[in-house]
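Only one structure is covered here, and it is reproduced in the block below.
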Amino acid sequence: MNFYIDVIIPLAINNTFTYAISQEEYDLLQPGMRVAVPFGKSKIYTGIVAKIHQQHPEIYTPKFIETILDQSPIVSKLQLAFWEWISSYYLCSLGEVMRAALPGIFLLESETVIQRNNQHDTIELANQLSDEQFLVLEALEKQSQLKIKEVGQLLGKKNVLPILQEMAQKKYILLEQEIFEQYKPKLIKYIRLSESYENPQAMNAMLEELGRAHKQKEIVMQFFTLKAQSNKPISRKKLKEKAQASDASLNALVDKGFLEEYTLQIDRVKNQNQIAQQLIDLSAEQQAALNQIEANFKASKPVLFHGITSSGKTEVYMKLIDKQVKKGKQVLFLVPEIALTTQLIKRLEAYFGQEVMVYHSKYSQQERFETYLHIYNQTKGKIIVGTRSALLLPFQDLGLILVDESHENSFKQLNPAPRYQARDAAVVLSHLCKASIVLGTATPSIESYYNAQRDKYALVSLKKRYGQVIPPEIHLINLKEKYKRNQMKGHFSDVLIEAIEQTILAGKQVILFQNRRGYSPTLECHTCGHSPHCPNCDVSLTFHKHNNSLRCHYCGYHIAMQKACMACGSSEVSTKGFGTEQIETELNTLLPKARVARMDLDTTRGKNAYDKILDKFEQHSIDILVGTQMLTKGLDFRNVDLVGVMNADNLLNFPDFRAHERSFQMLVQVAGRAGRTAKQGKVLIQTFNPHHQILQQVTTNSYEDMFKEQVYERKNFKYPPFYRLIKITCKQRDYNAVEEASLWLSEALRQGLRDNVLGPEFPAVARVRNEYRKNIIVKIPMNYSVKKTKDFILKVKKSYESIGKFRKVKLTIDVDPV
Ligand code: ADP
Ligand code: ZN
Ligand code: ZN
């Protein structure tokens with residue numbers, strides 16, 4: 001009798017490979033377990049068992065597996081089914097889905113590089129290590145890195161994955177991904193009182209004992225002051241600053257055993273001794289929405305929850321989550337970006353405490369690994385807040401998925417494959433898990449709203465802000481007129497600058513939105529018309545004033561700012577367009593007393609930079625916050641009375657069929673930051689086109705009008721939701737190779753799909769990092785079989801890949817591109 005398994009290998013190749021196994025292995029193995037398998041000439045990979053069977057493959061003689069790596073599955077049947085769906089819908093291999101879904105520590109392979117973890121001392125570990133493990137660590141002392149293949153040679157055996165697996169899990173060694181990890185969890189040192197001093201008499205006793213050590217006494221006093229102020233952990237740095245103390249004095253106190261030092265990872269810092277808050281009572285409207293949502297859950301319908309900004313969607317989510325947690329079910333809360341979600345996480349933690357787990361792609365391998373296992377084994381919190389990749393976690397008993405700000409683009413994965421839209425994939429996952437799902441937003445995507453109209457989703461609306469709060473009044477300011485009448489100061493109209501002044505005078509805050517960072521996007525020579533471009537990409541360089549440089553926003557290339565034209569030497573150069581930095585500079589001259597800060601990619605690079613700016617703004621040590629679209633995302637500030645949009649036109653004029661929808665979403669979202677308390681807020685939008693229909697719809701908050709008009713245009717011009725799009729891209733450094741390959745592809749596709757194939761065409765930026773790219777768009781009408789079209793595309797791809805000269809041209813397929 002012969003026994004076989006089909007194995008998923010984490011590569012962009014055919015779906016599964018068949019391997020032979022022995023009878024004992026057959027009795028032991030289950031789908032979802034890991035096996036080490038030989039692949040290619042001499043490589044070994046970690047694969048996942050997809051299927052166990054007895055059919056001999058037709059075209060090849062299967063090799064035997066090397067070994068079994070697990071005692072029980074680490075991937076559930078349900079996950080495997082979900083992977084299958086992603087792979088077939090998004091036209092990628094199962095292996096690519098596997099690679100995205102599993103933490104690197106699970107995926108050792110012969111090419112993986114390992115390194116010693118210097119936190120451990122080999123001698124100390126000696127009696128916990130097996131002989132082989134000891135040998136490996138010893139070798140790593142002489143040589144800083146080893147490939148797993150080399151470990152095989154060292155130990156004189158082929159398969160060393162199980163040994164190294166254990167070592168990686170116990171953190172004796174670090175894997176390649178960890179060695180080069182960009183994100184190093186930042187450890188902060190904190191100070192706390194030693195347990196024996198935790199009583200009211202403690203301070204006096206301590207001070208007495210300290211006698212004449214004044215410096216140390218001061219530290220102790222400041223410690224108690226800080227502790228009285230809040231029950232947040234007290235960092236070493238803060239204490240030192242407060243007490244103006246030296247490291248030596250602080251260390252002395254630690255040495256004497258009065259104080260203790262401990263470390264916490266920044267994003268794991270939580271308020272200690274947190275008292276669970278009560279859930280808020282819902283208003284009548286909110287309660288009605290909640291009831292409607294739950295009624296639709298019973299009918300197993302996905303719910304599109306359309307609630308205007310500040311209507312209390314989050315409060316409704318909390319109630320929904322609460323019910324699931326009480327039933328012992330897991331909840332997945334998907335958000336566009338973790339960094340922008342601090343406020344939400346705080347609210348969740350205030351009520352659900354330890355039940356809340358946060359997950360995002362910047363986590364270290366070790367953290368991803370731990371979280372994965374916690375969720376698989378249900379050993380920690382039930383509520384997982386995460387970005388799109390959290391969708392691939394191994395949920396066991398999922399009761400509810402919430403997709404907040406579901407219109408956001410960042411739910412779509414762009415690179416590498418699988419290029420999934422987490423919002424849509426979440427709906428599929430909810431079906432598989434029999435979980436409920438809510439897509440929440442103040443500005444639904446056209447696709448979602450269309451689904452609701454066709455009854456695929458249920459629509460639940462919340463059209464009133466919570467409490468007595470009235471939505472802000474929105475005014476358009478005609479820039480054409482303002483320039484003509486000389487009523488501009490820099491990029492500010494008189495109306496806007498006056499409104500800012502008044503708002504600050506009234507003790508309120510201002511948000512200013514400009515969708516470009518840097519100082520000005522282009523530099524132009526008046527003599528010859530030249531403007532400096534990036535040598536690697538087809539874009540012009542942006543002037544950044546604070547470091548006097550010209551920078552490429554695509555690849556990071558930069559040079560010093562040029563005083564004279566680089567082409568003709570003329571000194572008649574001027575800047576065109578403006579970014580957030582210029583707005584900040586202008587404000588400093590126009591309103592020298594105002595405290596201005598900027599929030600864009602340039603000012604939020606450090607891990608906590610974003611939170612710092614927000615904290616400052618919340619504590620009102622900033623009057624005006626200038627920023628890019630980062631500002632539009634779900635921030636809840638009590639004290640903002642005025643929102644200004646510097647220029648709405650560059651949003652509207654973007655060459656993309658979604659530009660109008662996006663402009664509407666962005667403007668409504670940024671407007672929603674104004675007047676979140678009793679007083680009505682104000683929004684001023686500067687534009688050269690005050691009669692643009694989108695701007696009119698924004699002023700009157702007419703989502704339905706916008707929807708109707710956009711749907712009409714989408715239908716006319718054959719775009720989603722009436723046609724499905726698949727984007728196929730060829731990429732290569734060699735221009736001619738891209739031309740030739742994309743032409744061949746488009747012709748081959750046309751043979752089957754005729755005029756539903758568009759292109760090849762260069763995108764707006766044809767070259768990025770010296771790579772040329774050309775796109776082909778396939779439009780699938782609704783009455784076509786999606787399955788057949790996709791199969792045809794895969795067939796063409798296969799013939800394409802068999803042509804030698806095209807091999808160097810990289811081909812990517814993006815289903816439902818955004
Ligand atoms: P959204 O998520 O729709 O933008 P939020 O849930 O953030 O709205 O609500 C806006 C503000 O109103 C929040 O500060 C929230 O705490 C408050 N709020 C909403 N509903 C209630 C309620 N029923 N009782 C008290 N405060 C509420
Ligand atoms: Zn010139
Ligand atoms: Zn560049």
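Being of a type outside the set (A, V, I, L, M), part of a helix (DSSP H, G or I), within 21 Å of VAL670 (Cα to Cα) and open to solvent by less than 40 Å² (accessible area, probe 1.4 Å): is that true of THR341 here? Yes. Return yes or no: is VAL335 surrounded by 23 or more Cβ atoms within 10 Å (Cβ to Cβ) and either at pLDDT below 90 or more than 10 Å from ligand 1 (Cβ to nearest atom) (or both)? It is true that VAL335 is surrounded by 23 or more Cβ atoms within 10 Å (Cβ to Cβ) and either at pLDDT below 90 or more than 10 Å from ligand 1 (Cβ to nearest atom) (or both).
In segment 491-532, which residues are farther than 25 Å from ALA659 by Cα and within 16 Å of ligand 3 (Cβ to nearest atom)? LEU523, SER531, PRO532, listed by residue number.
Taken as a whole, the structure leaves VAL469 outside the set of residues that are in contact (Cβ under 8 Å) with a residue 60 or more places away in the chain, in a strand (DSSP E or B) and either open to solvent by less than 30 Å² (accessible area, probe 1.4 Å) or under 30 Å from LYS708 (Cα atoms) (or both).
Residues in segment 303-336 that are over 23 Å from the mean Cα position of the chain (by Cα) and either among the basic types (Lys, Arg) or within 16 Å of ligand 3 (Cβ to nearest atom) (or both): LYS319, LYS323, LYS326, LYS327, LYS329. For THR46, indicate whether it is polar (S, T, N, Q), surrounded by 19 or more Cβ atoms within 10 Å (Cβ to Cβ) and either within 29 Å of LEU794 (Cα to Cα) or at pLDDT below 90 (or both). Criteria met by THR46. Just one of (1) within 16 Å of ligand 2 (Cβ to nearest atom); (2) surrounded by fewer than 18 Cβ atoms within 10 Å (Cβ to Cβ) fails for ALA560. It is (1).
Checked against the criterion of being buried (at least 17 other Cβ atoms within 10 Å of the Cβ) and either in a helix (DSSP H, G or I) or in the same structural domain as LYS810 (by TED's automatic domain parsing) (or both), the candidates ALA417, ALA426 yield just one match: ALA426. Take the conditions (1) within 14 Å of ligand 3 (Cβ to nearest atom); (2) in a loop (DSSP other than H, G, I, E, B); (3) of a type in the set (A, V, I, L, M, F, W, C); ALA567 misses just one of them, which is (1).
Residues are listed down the side, and each one gets a yes or a no for (1) among the hydroxyl-bearing types (Ser, Thr, Tyr); (2) surrounded by 19 or more Cβ atoms within 10 Å (Cβ to Cβ):
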site	(1), (2)
LEU635	no, yes
ASN650	no, no
PRO655	no, no
GLY675	no, yes
HIS691	no, no
THR699	yes, no
GLN710	no, yes
TYR723	yes, no
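With respect to (1) within 16 Å of ligand 2 (Cβ to nearest atom); (2) assigned by TED's automatic domain parsing to the domain that holds MET666, the lone exception for ILE504 is condition (1). Taking first residues from segment 525-538 that are free of Cβ contacts under 8 Å to residues at least 40 places away in the same chain and away from ligand 1 (no atom under 16 Å from the Cβ) and partners that are among the aromatic types (Phe, Trp, Tyr) and in a loop (DSSP other than H, G, I, E, B), the Cβ contacts under 6 Å between residues at least 6 apart in sequence or on separate chains come to CYS534/TYR557. Closer than 28 Å to VAL668 by Cα and either charged (D, E, K, R) or not assigned by TED's automatic domain parsing to the domain that holds ALA417 (or both): does that describe GLU315? Taking the combined requirement at face value, the residue satisfies it. Within segment 525-545, being within 16 Å of ligand 2 (Cβ to nearest atom) and open to solvent by 60 Å² or more (accessible area, probe 1.4 Å) holds for HIS526, THR527, CYS528, HIS530, HIS533. Residues of segment 472-479 include at least one that is touching a residue at least 24 places away in the same chain (Cβ under 8 Å), assigned to a helix (DSSP H, G or I) and either of a type in the set (S, T, N, Q) or open to solvent by less than 10 Å² (accessible area, probe 1.4 Å) (or both). Within segment 746-763, does at least one residue satisfy the condition of being modelled with pLDDT of 95 or more, among the charged types (D, E, K, R) and over 32 Å from the mean Cα position of the chain (by Cα)? Yes, because at least one residue in segment 746-763 is modelled with pLDDT of 95 or more, among the charged types (D, E, K, R) and over 32 Å from the mean Cα position of the chain (by Cα).
Residue pairs whose Cβ atoms lie under 8 Å apart, separated by 6 or more positions or on different chains, with the first residue in segment 410-428 and farther than 22 Å from ILE728 by Cβ and charged (D, E, K, R) and the second part of a loop (DSSP other than H, G, I, E, B) and open to solvent by less than 30 Å² (accessible area, probe 1.4 Å), are ARG423/SER406; ARG423/SER445. With the structure loaded, tell me whether ASN548 is open to solvent by 50 Å² or more (accessible area, probe 1.4 Å), in the same structural domain as MET666 (by TED's automatic domain parsing) and more than 16 Å from ligand 3 (Cβ to nearest atom) or whether it fails that test. No, not satisfied.
Looking across ILE497, ILE511, one residue alone is within 16 Å of ligand 1 (Cβ to nearest atom), assigned by TED's automatic domain parsing to the domain that holds VAL683 and either at positive phi or open to solvent by less than 20 Å² (accessible area, probe 1.4 Å) (or both). It is ILE511.
Residues in segment 397-414 that are in a loop (DSSP other than H, G, I, E, B), touching a Gly at 6+ places or on another chain (Cβ under 9 Å) and closer than 25 Å to ARG465 by Cα: ASP404, GLU405, SER406. Among the residues of segment 445-463, those identified as in a loop (DSSP other than H, G, I, E, B) and either farther than 28 Å from ASN409 by Cβ or open to solvent by less than 20 Å² (accessible area, probe 1.4 Å) (or both) are SER445, TYR457. Number of residues in segment 594-618 that are in contact (Cβ under 8 Å) with a residue 60 or more places away in the chain and assigned to a loop (DSSP other than H, G, I, E, B): the value is 7. Any residue in segment 18-38 that is within 30 Å of ASP814 (Cα to Cα), open to solvent by 50 Å² or more (accessible area, probe 1.4 Å) and not in a loop (DSSP other than H, G, I, E, B)? Within segment 18-38 (the criterion being within 30 Å of ASP814 (Cα to Cα), open to solvent by 50 Å² or more (accessible area, probe 1.4 Å) and not in a loop (DSSP other than H, G, I, E, B)), the answer is no, since none of the residues qualifies. The requirement of being open to solvent by 30 Å² or more (accessible area, probe 1.4 Å) and modelled with pLDDT of 80 or more is satisfied by ALA248.
Considering the conditions (1) out of contact with any helix residue (DSSP H, G or I) (no Cβ under 8 Å at 6 or more places or on another chain); (2) open to solvent by less than 40 Å² (accessible area, probe 1.4 Å), LYS41 is excluded by exactly one of them, (2). A Cβ distance below 7 Å, combined with a sequence gap of six or more or placement on separate chains, defines the contacts here; from segment 484-512, residues that are within 16 Å of LEU625 (Cα to Cα) reach residues that are among the polar types (S, T, N, Q) in the pairs LEU496/GLN686; LYS508/ASN639; GLN509/ASN639; VAL510/THR503. Selection of first residues in segment 197-217 that are open to solvent by less than 50 Å² (accessible area, probe 1.4 Å) and of second residues that are among the basic types (Lys, Arg) and modelled with pLDDT of 80 or more, restricted to Cβ pairs under 6 Å at least 6 apart or on distinct chains, gives the following pairs, ordered by first then second residue: LEU207/LYS217; LEU210/LYS217.
The values are calculated or read from the model by the stated rules, or taken from the named source; none is laboratory data. The shown structure was predicted, so the numbers you read here are calculated from the model rather than taken from an experiment. We place every Cβ from the backbone using ideal geometry, glycine too, and count neighbours over all the protein chains shown. All accessible areas refer to the heavy atoms of the entire protein, side chains included, with ligands and DNA or RNA removed. Shrake-Rupley method; radii C 1.70, N 1.55, O 1.52, S 1.80 Å.
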